[in-house]
Amino acid sequence: MWLNLKFLSWLVLIVGAIHCQAYVHHTFVIKETPYTRLCSTKNILTVNGQFPGPALHVHKGDTIFVDVHNQGNFNITIHWHGVKQPRNPWSDGPEYITQCPIQPGVRFKQKIIFSSEEGTLWWHAHSEWWRATVHGAIIIHPKKGTKYPFPLPHAEVPIIFGEWWKQDILAIYDETIFTGGAPNVSDAFTINGQPGVLYPCSKPDTFKLKVDHGKTYLLRIINAAVMDILFFAIAKHNVTVVGTDGSYTKPLESSYITISPGQTIDVLLKANQKSDHYYMAARAYSAAPGVAYDNTTTTAILEYNGNYTPSSPPSLPNNLPYFNNTNASVMSNKHNQTLFFVISVNTFPCPNNSCAGPNGTRLATSVNNISFVDPYVDILQAYYGHFNGVFETNFPDFPPYLFNFTAEDLPLYLETPRHGTKVKILKYNTTVELVFQGTTLVGGNDHPMHLHGYSFYVVGMGLGNFDKDKDPLRYNLVDPPLMNTIAVPLDGWTAIRFRANNPGVWFLHCHFDRHMTWGMDMAFVVKNGKGQKAHILPPPPDMPPC
């Protein structure tokens, strides 16, 4: 069967060559590179030696190829976050979901198909926690001959938030897996790879954004942090949000933004203040009780051009919300498939209480009481090739237990989930309403949930338990934001809607990497529709082997 699939793939490539299609090609070389931060040097995994990695510039509707060469010492995959990849899950990238990892010394040419996306997205590693340093921006410009839905900015600047550990990120990952406890928090946050003036040995390399007075700048903001939701503000300046997750939004002016790991936000900045130097700053939002977090602040400098004596030190933003301000972190028809997914932090018992989680347990997470287990071969290959025994198709539409999800004291038996590799099958073109409900189990937490292969409308959000009779009456069905990653608030819920019109296997997971590793994952299998244009494309010939 697999030989036949490869033959079909080569046939497709030959037909494409006959039609002389011209695509832009990029090369990503994965390798270890020495970088110095916080007074010490370590090797980090990079793309083309860069941290953050190179930005990809495309136009709406383009198709490109990225030839990924793994010259490092570790398995790797690359995910094109927010790119819908119509009918082409083969290049989506999540390890053991749509592909096996690219092994050291191996290369994989990924075909990236852009469709309706426009604005800012990003790419990142989707193996273990390598995305800490393996990530970069995707800038999707309007189609040639079309314009932005706002006045053309003077310049466009990616602003990428990250986290930096003095320790090797693989050591952090391995220790977390071995002990069953929470990972060490990062030693710094970064803006475009630099921690900023508030950290040791960092002031000279602080990122500077130079602006001309009176001009407007488009900031393409990406949260590539591994573990934290962030607040961001610029001293004495407001910004106007005009886009999220590769789509435009109704303009909203604000003195700060909240951005979850995985999210992108496009904002317009008017350089309309007194010519001076001003700090841009970001710090964590973390309201989960007992959960350690990085309480430091990363800075960059907004610097007006011209002849003047700058203030010393520059102004810091005075409007960044406090770290546990949940209210500040929450952004304020007919369907034929309703899903209710309860997302929880959990624990598994350990022999003799020998693990580093609460009361000697091993930390875990779950969706509808299923803690996801990676299969031995990727789910997409198994689905397409009709392999048995790789996954089960009985992922539950609703949780097995109904209880007061946000109560302060819950029975301990609710903390233990079941292991499983389960998927939810959706018929092509099904309209899905999915409600995420958070819980207070093991203290609870916020959860930035990301769906591959789709953008979805965020129709509702609230604190407490979702009320199926009252809360849908308050849905925003007029102008809901279109996103691919949305934070489910601490002890709250979020409702989304999407149409399952992209056949294939598509991953759903929390974008806190520790939660994804612990099992807050599942996958949708969207079946083929009628007609060839509603069928999944055949696999490329160089899919990495397991």
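Within the stretch 385-419, no residue satisfies the criterion of being open to solvent by less than 50 Å² (accessible area, probe 1.4 Å) and at positive phi.
Quick check on the stretch 535-543. Is at least one of its residues in a strand (DSSP E or B), of a type outside the set (Gly, Ala, Ser), farther than 22 Å from Ile257 by Cβ and in contact with a helix residue (DSSP H, G or I) (Cβ under 9 Å, 6 or more places away or on another chain)? So far as the stretch 535-543 goes, no, none of its residues is in a strand (DSSP E or B), of a type outside the set (Gly, Ala, Ser), farther than 22 Å from Ile257 by Cβ and in contact with a helix residue (DSSP H, G or I) (Cβ under 9 Å, 6 or more places away or on another chain).
Name every residue in the stretch 210-255 that is assigned to a strand (DSSP E or B) and β-branched (Val, Ile, Thr), in order of residue number. So that I can check it myself, show each step before the final result.
Let us first name the residues in the stretch 210-255 that are assigned to a strand (DSSP E or B), namely 210-211, 216-223, 229-234, 237, 239-244, 247-254.
Of everything in the stretch 210-255, those that are assigned to a strand (DSSP E or B) and β-branched (Val, Ile, Thr) turn out to be Val211, Thr216, Ile221, Ile222, Ile229, Ile234, Val239, Thr240, Val241, Val242, Thr244, Thr249.
Condition check ((1) among the basic types (Lys, Arg); (2) modelled with pLDDT under 95; (3) open to solvent by 30 Å² or more (accessible area, probe 1.4 Å); (4) under 22 Å from the mean Cα position of the chain (by Cα)) across all residues:
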| position | (1), (2), (3), (4) |
| --- | --- |
| Lys60 | yes, no, yes, yes |
| Pro86 | no, no, yes, yes |
| Glu95 | no, no, yes, yes |
| Pro104 | no, no, yes, no |
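Tell me the residue from Ser260, Ser247, Ser254, Ser202 that is farther than 22 Å from Thr120 by Cα and of a type outside the set (A, V, I, L, M, F, W, C), please. Just one listed residue meets the conditions, Ser202.
Within the stretch 132-145, being assigned to a loop (DSSP other than H, G, I, E, B), open to solvent by less than 80 Å² (accessible area, probe 1.4 Å) and out of contact with any Ser or Thr (no Cβ under 8 Å at 6 or more places or on another chain) holds for one residue alone: Pro142. Any residue at all in the stretch 158-169 that's outside any strand (DSSP E or B), acidic (Asp, Glu), open to solvent by 10 Å² or more (accessible area, probe 1.4 Å) and under 18 Å from Gly53 (Cβ atoms)? No: zero hits. Taking the stretch 170-210 as the range and being out of contact with any Phe, Trp or Tyr (no Cβ under 6 Å at 6 or more places or on another chain), open to solvent by less than 30 Å² (accessible area, probe 1.4 Å) and within 30 Å of Glu253 (Cα to Cα) as the test, the residues that pass are Phe189, Pro195, Gly196, Thr206, Leu209. Please go through the stretch 518-534 and give me each residue that is under 20 Å from the mean Cα position of the chain (by Cα) and either in a helix (DSSP H, G or I) or at pLDDT below 95 (or both), ordered by number. Of everything in the stretch 518-534, just one residue is under 20 Å from the mean Cα position of the chain (by Cα) and either in a helix (DSSP H, G or I) or at pLDDT below 95 (or both), namely Trp518. Thr494 fulfils the conditions (1) crowded, with 23+ Cβ neighbours inside 10 Å; (2) under 30 Å from Pro86 (Cα atoms); (3) among the β-branched types (Val, Ile, Thr); (4) more than 20 Å from the chain's Cα centre (by Cα) except for a single criterion, (4).
Against the condition open to solvent by less than 10 Å² (accessible area, probe 1.4 Å), assigned to a strand (DSSP E or B) and within 30 Å of Tyr248 (Cβ to Cβ), how does His515 come out, does it pass?
Details: open to solvent by less than 10 Å² (accessible area, probe 1.4 Å): yes; assigned to a strand (DSSP E or B): no; within 30 Å of Tyr248 (Cβ to Cβ): yes.
Considered against the rule, which asks whether it is open to solvent by less than 10 Å² (accessible area, probe 1.4 Å), assigned to a strand (DSSP E or B) and within 30 Å of Tyr248 (Cβ to Cβ), His515 comes out as no.
With respect to being touching a Leu at 6+ places or on another chain (Cβ under 7 Å) and surrounded by fewer than 18 Cβ atoms within 10 Å (Cβ to Cβ), Asp374 falls outside the description.
Entry remark, the stretch 258-282: residues being open to solvent by less than 10 Å² (accessible area, probe 1.4 Å), under 23 Å from His450 (Cβ atoms) and either in contact with a Phe, Trp or Tyr (Cβ under 7 Å, 6 or more places away or on another chain) or among the aromatic types (Phe, Trp, Tyr) (or both) number 4 in total. Within the option set Asp479, Asp471, Asp521, being acidic (Asp, Glu), touching a Phe, Trp or Tyr at 6+ places or on another chain (Cβ under 8 Å) and more than 28 Å from His386 (Cβ to Cβ) holds for one residue only, Asp471.
The values are calculated or read from the model by the stated rules, or taken from the named source; none is laboratory data. Computed from a predicted structure; not experimentally measured. We place every Cβ from the backbone using ideal geometry, glycine too, and count neighbours over all the protein chains shown. The accessibility values were calculated without ligands, DNA or RNA, using every heavy atom of the protein model including side chains. Shrake-Rupley method; radii C 1.70, N 1.55, O 1.52, S 1.80 Å.
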